[in-house]
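Structure, as structure tokens:
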Amino acid sequence: MAFDAMADEVVRADAVRRRLAADVAHELRTPLAALQAGLEELRDGLRAADSERLAALHDQALHLGRVVGDLAALSAAEAATLSLHPVDTDLAGVARAALDAQRPHLDAAGLRIDTDLPQALIVHADPDRLHQSIANLLTNAARYPGQGTVITVRLPLATAGTHAVTGIA
């Protein structure tokens, strides 16, 4: 009986490890793909290397560094929690930055982007995690629909007290 319980625990631990590896790969792939696509656009002369574009690529490098840092902390602590650094953050600005960073993928997929964003929407949250979440949603949106699909980014879908709902469809 004890041996069976230990065997079951080994199987569960292996499944958790595999799921974690897949999640980490996805978290690393998203900013890396955006960075790579942006650099290829610059290299091929499709976009000018202006300060705005370079800043967006720099932001992707920073996000990639943050994910790698989280992975190191996760490994050292053997825990599945991510660090959060909440501050008053403009969610609409974060959404715009994530959309700008993902634009090469969305354009390459032949998608049309429609936005409904306020000038500003201040929330108390971790701006890097928000950016990461929105970028992941946009990356997934670019991966699955067909050419000509309209992707809508809307803020807020709903507000209730201290909560705001964001939508990407």
Check your understanding: Are any residues in region 4-48 more than 20 Å from residue 98 (Cβ to Cβ), among the acidic types (Asp, Glu), part of a helix (DSSP H, G or I) and open to solvent by 70 Å² or more (accessible area, probe 1.4 Å), and if so, which ones?
Key -> 4, 8, 9
Review point. Within region 140-161, can you find the residues that are closer than 23 Å to residue 85 by Cβ and modelled with pLDDT of 80 or more?
Key: 155
Point to revise | Total residues in region 80-113, condition open to solvent by 70 Å² or more (accessible area, probe 1.4 Å), free of Cβ contacts under 8 Å to residues at least 40 places away in the same chain and farther than 19 Å from residue 30 by Cα | key: 3
Exercise for review: Only residues in region 121-142 that are in contact (Cβ under 8 Å) with a residue 12 or more places away in the chain count as the first member; pair them with residues that are hydrophobic (A, V, I, L, M, F, W, C) and in a loop (DSSP other than H, G, I, E, B), Cβ under 6 angstrom, at least 6 apart or cross-chain, and list the lot.
Suggested key: 126/84; 142/109
Practice item. Quick one: count up the residues across region 79-110 that are out of contact with any strand residue (DSSP E or B) (no Cβ under 9 Å at 6 or more places or on another chain), under 30 Å from residue 20 (Cβ atoms) and modelled with pLDDT of 90 or more. Key: 1
Revision key, fill the gap. Of the residues in region 60-69, those that are open to solvent by less than 80 Å² (accessible area, probe 1.4 Å) and either over 21 Å from residue 143 (Cβ atoms) or not in a helix (DSSP H, G or I) (or both) come to 61, 65, 66, 68, 69
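The values are calculated or read from the model by the stated rules, or taken from the named source; none is laboratory data. Worth saying up front: this structure is predicted, and the values here are computed from it rather than measured. All Cβ positions, even for glycine, are placed from backbone atoms using ideal geometry, and neighbour counts span all protein chains on display. With ligands, DNA and RNA removed, areas are computed over all heavy atoms of the protein, side chains included. Shrake-Rupley method; radii C 1.70, N 1.55, O 1.52, S 1.80 Å.
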